[in-house]
Amino acid sequence: MAGSLAIVVSRADAASTNIAARLRECIDWEHDTDDSRPDAEGGGTVYRAPGIELREFDALHLDLVNVAETFTDPRLIVFASKHAGDTGRFLTAHHTGNFGPAEAGGEEGEFAEAAPNAHSAVLDALADYAPANYDVGTECTHHGPTDVGAPSLFVELGSAESEWDDPEGARAVARAILDLREVPPDRERQIVGFGGGHYVPRFERVVRETDWAVGHIGAGWALDAMGAIDENVIRRAFERSGAERALVEGVRPALEDTITELGYELVSETWLRETTGIPLDTAAAAERRVTTVDDGLRFGAPAAETSVENVERWTLPSALLAEVEGIDAERVRESVERHALAFETEQSGTRLGERALLDDAGRTSVIDALVALLDEKYETVERVEGAVVAHERAFSPVKARTLDVPEGPKFGRLADGEPVAVDGRTIEPMAVHEKRERRFPLDGAASGKGKDK
């Protein structure tokens, strides 16, 4: 992988120097002297290991400008930093920039180039290495620097002096940073986040629980600091995140209008979850042909590998589907998920709809599974032309009355298959049962292979 992991240490930051000491303990380093620049500006002693370069600066991180030019071919820049706040023992990572005024470094309305994939990876690593008494989380985009010169992020030890001096917390941060040695800054699936508070649990869920990474996050307070929505700032947030999609928390119609007018796509957390592991062209084609994820589309096991061009849109037999869902809805859902590339659901995804994308073998397998479930309820089940016919014996109240069986508990016992005594006679269940037939049309129809409907 071209380029190195560049680590920025600030001597003005107690946590940063603590993390640097732990970095030097964790692996073997070589060091040399860079006389081409002042020691205070990243010159002097430079620490190197395969794929890694560490330099120290006198200034605080947020005051550095174009720090990338100090390093040799940096692929990813990590600022080892302190975190300050009322958050107790806390390890965190975030990107830098200003949606509004630059009150803590950087330029107004500008952003450093984000590293969403590295951000996701370092959060996982922090969770793995954190001491038992530390929490791990992420934050919105805030403070400088905005002119870095390469993809970057802050990885922080917090939240007060007792933690900044803690060697165990610093060692966890150091190990997490070192894990980024072979990690690319970006991935295919990246979004911008808007809304919420300074700490962003919703976007953290996206990072932890989906295969989508999150670039810049404009918290509610940062958007409010912007004042009127500035489309140039919003565009830069997307560009510096390497993203084409956004997740917006809360109700922000003016922001949403701006995002769509700029040509970006608004997505929901549900959409991010449901498309995880699904090729995006497959997801888009399935949404065109069936319905949208937000309106109930869900993906089955074949979606990860099967081309949408190899399936047809079928209407599942509605009466049969309704009957077997009453027998075992979970097994019906499992069968459809196993064989359908995508399928329609209702009631917030809890019930199956009728439309599904299936190849011929998959449709046959689904129908076979539905018929097998039907067979568990009825005496006999047979297939005839265009339908499944189920036979059963059922209690007949009319027959029971003709034999003078009084309504009430004895009706219930006969219905349950137990004999009853009436005026000294024993009434057997078979005497008050009758044969019934139910026909379930196999009325599913295909709407064309590979066509958008």
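Where a number appears in this text, it was derived from the coordinates with a stated rule and is not lab data. Predicted model only: the values in this text are computed from it and were never measured. Don't worry about glycine lacking a Cβ; one is built from the backbone with ideal geometry, like all the others, and counts go over all protein chains shown.
Values computed for the structure shown
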| item | result |
| --- | --- |
| Selection from 233, 148, 6 lying farthest towards where the dipole of the chain points positive, charges on Cβ | 233 |
| Alpha-carbon radius of gyration plus Dmax, which is the widest Cα pair, for segment 138-207 in Å | 14.2, 39 |
| Separation of alpha-carbon centers, segment 351-369 and segment 385-420, rounded to whole Å | 34 |
| Compactness index (Cα Rg / 2.2 N^0.38 Å), segment 1-141 | 1.06 |
| Mean shadow area of segment 306-453 over all directions, Cα convex hull, nm² | 10.9 |
| Cα-Cα P(r), segment 197-239, percent of pairs per 5 Å interval | 5, 20, 24, 21, 19, 9, 2 |
| 37 °C / 0.692 mPa s Stokes-Einstein diffusion coefficient of segment 280-370, Kirkwood radius on C-alpha pairs, µm²/s | 257 |
| Residue-averaged [θ]222 nm for the chain, counting only DSSP H segments that reach four residues, each worth -39500 (n - 2.57) | -9500 deg cm²/dmol |
| Spherically averaged projected area in nm², based on the convex hull that wraps the Cα atoms of segment 10-89 | 5.9 |
| Gain upon complete extension [residue 162, residue 45; 0.36 nm per residue less C-alpha separation] | 39.3 nm |
| Extension gain, residue 251 back to residue 372 (0.36 nm per residue minus Cα-Cα distance, nm) | 38.9 nm |
| Reduced Cα scattering model of segment 232-326, Debye log10 I(q)/I(0), q = 0.12, 0.23 Å⁻¹ | -0.53, -1.22 |
| Using alpha carbons only: equivalent-ellipsoid semi-axes of segment 1-42, gyration tensor based, whole Å | 18, 17, 11 |
| Dimensions in Å of segment 369-446 - Rg and Dmax from alpha carbons | 16.6, 60 |
| Compactness of segment 93-168, expressed as Rg and Dmax over alpha-carbon positions, Å | 13.7, 39 |
| Degrees separating the helix 318-339 axis from the principal Cα axis of the chain, which is the longest one | 40 |
| Nearest-0.05 FRET efficiency for residue 11 and residue 295, computed from C-beta distance (R0 51 Å) | 0.40 |
| Kirkwood Rh and Cα Rg combined as Rg/Rh, the chain | 1.21 |
| Tilt relative to the chain, helix 167-178 - C-alpha long axis, 0 to 90 degrees, to 10 | 80 |
| Relative packing of peptides 422-434, 388-400, 157-169 - highest average C-beta neighbours within 10 Å first | 157-169, 388-400, 422-434 |
